[in-house]
Amino acid sequence: MKLILLSGGSGKRLWPLSNDQRSKQFIKVLRNEDHLESMVQRVWRQLGMVGLQADTYIATGANQASILKAQLGIGDDQIITEPSRRDTFPAISLASTYLHSVVQADLDETVVVLPVDPFVNVEYFKSIINLDGLLNETGATLGLVGIKPTLPSEKYGYIVPENAQSSQVKEFKEKPDRLLATKLIENGAVWNAGVFAFKLRTIHDMLVEMNVPTDYQTLSANYDLLPKNSFDYEYSEKQANIVFNRYDGYWKDLGTWNTLTEEMDTKTVGFTSELIDTNNTYVINEGDLPVAVIGTKDLIVAAGPEGILVSSKDDSPRVKELSSTFFESIHYVEEAWGLRRTLMKSEVSKTTLFEMNDKHQVSLKLKSNQKIVRLSGQGTVNVKGDTTVVTGKKEFKFLLVTEELA
């Protein structure tokens, strides 16, 4: 069995800590013993606990490949990079051709596609493993995971079974109202976890019928041949034999500030923050200035390189209503060698902080109006022709100062 994690996101829902490169799954606010980890690091750790890391591949855009390598320590061979964003059907199709033509997976191999950031316990991934046997036993062309509902939510899609005990899918109901959701649950319906399991051969044969290349390199070079549609629309809705596995354990979508903070083990994260006479108030501070909050309740304060957000918990999902200009800047970028953060930008100059990982390198082509200023650590700076190579050692930090922008 092979797994494909879908990693995308435009970086809007957890602004100002998220941006187009560091979307929600990469923000480190979840506690793992004595350090913080991101959602994708948590999922990757859990996959290791059930022995699935070696057979897991991540489909993503080019803008997120470097941060995946930085946070997970994986190589290029486990990252499948999309040439452009074209929705989930093209992403899954390209990843499937990679598994067959590059990894040499057999066409009878079971492939499971799932989001990169479910907040679950490790038992969830054990249920993922069971999808292989379910497909083999039933001959179904699609397997899903159904989450036992904790309430009649209007936010999720529902899988409706043939009967309350059946694993056969009768139909789907997308985001029903509360009254209908209650009736569905009474009849055995479950939340759709957004997981897809299928035999590699079914996608291969589908691409052949579409007259689309099944070789990974060829398809990658002709990516626009694939329809820009969801996997649900192009594949799932056309299947007659669909089954699902029930999962009764903990599952949560941490897609907004209010749901994410509910899983934080502390009210403050990051640089010095102080709360006085507050109730259900959280501060996430990636800035360099202290934050004080006094006499509030049900509040979220998030400060980062992209800006500052102050919102009630209930209204925090409305961050996506901000004008598009709020999401255009990228002042924080995480790479395999370390991270860079824009500290200051004016009409005439720009200052960027680089924090190097130990024994990693970054190559810069400096212009005549740029210079490097050492801050701390014991890294080295070597000039080779028109290229400046910086090697990190013992938390080496430096500034790249650009003057006379105009």
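The values are calculated or read from the model by the stated rules, or taken from the named source; none is laboratory data. Remember, predicted model here, so these are calculated numbers, not experimental data. Here Cβ is always computed from backbone atoms with ideal geometry, including for glycine, and neighbour counts include all displayed protein chains. Accessible surface is based on the protein model in full, side chains and every heavy atom, while ligands, DNA and RNA are left aside. Shrake-Rupley method; radii C 1.70, N 1.55, O 1.52, S 1.80 Å.
Note on Lys238: aspartates and glutamates with a C-alpha under 15 Å away, same-chain residues under 8 apart excluded, are Glu171, Asp205, Glu209. By a 1.4 Å probe calculation restricted to protein chains, His360 has an accessible surface near 70 Å², given to the nearest 10.
Of the listed pairs Lys228/Lys350; Lys170/Lys199; Lys24/Lys148, which have alpha-carbon separations greater than 32 Å here?
Numbers: Lys228/Lys350 38 Å; Lys170/Lys199 21 Å; Lys24/Lys148 25 Å.
Among Lys228/Lys350; Lys170/Lys199; Lys24/Lys148, the Cα-Cα distance tops 32 Å for Lys228/Lys350.
Across Gly379, Gly295, Gly249, mean-square fluctuation computed from a Gaussian network of the chain (C-alpha pairs under 10 Å connected) peaks at Gly295.
State, as an integer percentage, the relative contact order of the chain based on alpha-carbon contacts under 8 Å between residues 6 or more apart.
16 percent.
Considering only Val102, Pro176, Ser127, and ranking their Cα positions along the charge dipole of the chain that arises from unit charges at the beta-carbon of Lys, Arg, Asp and Glu, the one farthest toward the positive end is Val102.
The Rg/Rh ratio of the stretch 307-372, with both radii computed over alpha carbons and Rh defined as the Kirkwood radius, is 1.09.
Which shape class applies to the stretch 263-318: rounded if a/c is under 1.5, otherwise prolate when a/b exceeds b/c and oblate if not, where a ≥ b ≥ c are the square roots of the Cα gyration tensor eigenvalues?
Details: a/c = 1.56, a/b = 1.12, b/c = 1.40.
Oblate, since a/c reaches 1.5 and b/c is not below a/b.
Each Lys and Arg Cβ is given +1 and each Asp and Glu Cβ -1; about its Cα centre, the stretch 25-83 then shows a dipole of about 200 debye. Here the contact order of the stretch 29-185, divided by its residue count and restricted to Cα pairs under 8 Å and six or more residues apart, works out to 16 percent.
Stokes-Einstein at 25 °C, 0.890 mPa s, Kirkwood radius from Cα pairs: D for the stretch 136-224 in µm² s⁻¹? Stokes-Einstein gives a translational diffusion coefficient of 162 µm²/s. Between the helical axis of 123-138 and the longest alpha-carbon principal axis of the chain there is an angle of about 40 degrees. Every helix of 4 or more DSSP H residues in the chain counts as -39500 (n - 2.57), and over all residues that averages to -6000 deg cm²/dmol at 222 nm.
On the chain, 47 percent of the accessible area sits on carbon and sulfur atoms, based on a 1.4 Å probe. Of Gly188, Thr261, Thr202, which is farthest on the positive side of the dipole of the stretch 175-265, counting Cα position, with +1 on Lys and Arg Cβ, -1 on Asp and Glu Cβ, and the Cα centre as origin? So the residue we want is Gly188.
Using the beta-carbon distance between Glu395 and Val122 and R0 = 30 Å, what value does 1/(1 + (r/R0)^6) give for FRET efficiency, to the nearest 0.05? Intermediate results must be reported in sequence, preceding the final value.
On the way: r = 33 Å, r/R0 = 1.10.
With R0 = 30 Å, the Cβ-Cβ based efficiency is 0.35.
Straight-line cross-link partners of Lys359 among the lysines, defined as a Cα under 26 Å from its Cα and at least 8 positions apart when in the same chain: Lys28, Lys69, Lys367, Lys371, Lys384, Lys393, Lys394, Lys397. Across the stretch 193-321, Cα-Cα distances exceeding 20 Å account for 63% of all pairs. Accessible surface for the chain, divided over its residues, is 48 Å² per residue with a 1.4 Å probe. Shown here: the chain, whose C-alpha atoms stretch 66, 57, 38 Å along the first, second and third principal axes, sorted largest to smallest.
Evaluated with a Cβ-only charge set (Lys, Arg +1; Asp, Glu -1), the stretch 166-320 carries a dipole of roughly 520 debye about its Cα centre, given to the nearest 20.
Comparing mean-square fluctuations of Glu347, Glu395, Glu137 from a GNM of the chain with C-alpha springs under 10 Å, the top value falls on Glu347. Rounded, prolate or oblate: which fits the stretch 68-176 when a ≥ b ≥ c are the square roots of the eigenvalues of the alpha-carbon gyration tensor, with rounded for a/c under 1.5 and prolate only if a/b beats b/c? Prolate, because a/c is 1.5 or more and a/b exceeds b/c. Potential lengthening of the chain between His331 and Thr138 amounts to 64.5 nm, from the contour at 0.36 nm per residue minus the alpha-carbon distance.
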